[in-house]
């Protein structure tokens with residue numbers, strides 16, 4: 001009987017599917033300054049994502065900021081390369097004007113043993129003079 005309960009708990013826990021987490025949890029990123037370099041990282045944790053499953057937009061579009069996935073350099077079998085990690089989104093650049101900017105990140109995780117899950121998060125960036 002104990003064996004049957006253990007097996008049932010194991011099977012049911014395998015069916016549980018957690019939602020992805022987008023970090024930082026708060027909805028504001030660090031304050032930026034006009035004409036100074038800015039860099040911040042947004043992380044997607046908990047599930048698999050790739051280039052096709054992540055969308056990032058920064059407003060205003062002429063903000064001077066851009067996004068990119070983190071690039072991880074590797075060397076294997078005598079060849080060098082770069083992998084793009086869409087779990088770590090880098091927001092960087094030089095803000096052009098003061099004001100309130102926003103970064104919206106959305107998408108879906110890829111289904112492996114479980115079906116994928118949608119995610120959405122909007123961040124604010126204050127840009128001071």
Unique residue being modelled with pLDDT under 95 and surrounded by fewer than 18 Cβ atoms within 10 Å (Cβ to Cβ) when the list is 128, 117: 117
Has the stretch 32-45 got any residue that is surrounded by 18 or more Cβ atoms within 10 Å (Cβ to Cβ) and within 24 Å of residue 116 (Cβ to Cβ)? yes
Being free of Cβ contacts under 8 Å to residues at least 60 places away in the same chain and either at positive phi or over 9 Å from the mean Cα position of the chain (by Cα) (or both) is the filter here; which residues of the stretch 43-54 pass it? 51, 52
Checking residue 14 against (1) more than 15 Å from residue 105 (Cα to Cα); (2) over 19 Å from the mean Cα position of the chain (by Cα); (3) modelled with pLDDT of 95 or more, which single condition isn't satisfied? (3)
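The values are calculated or read from the model by the stated rules, or taken from the named source; none is laboratory data. Bear in mind the structure is a predicted one, so any value in this text is a computation, not a measurement. Cβ coordinates were reconstructed from backbone atoms using ideal geometry, including for glycine residues, and neighbour counts include every protein chain displayed.
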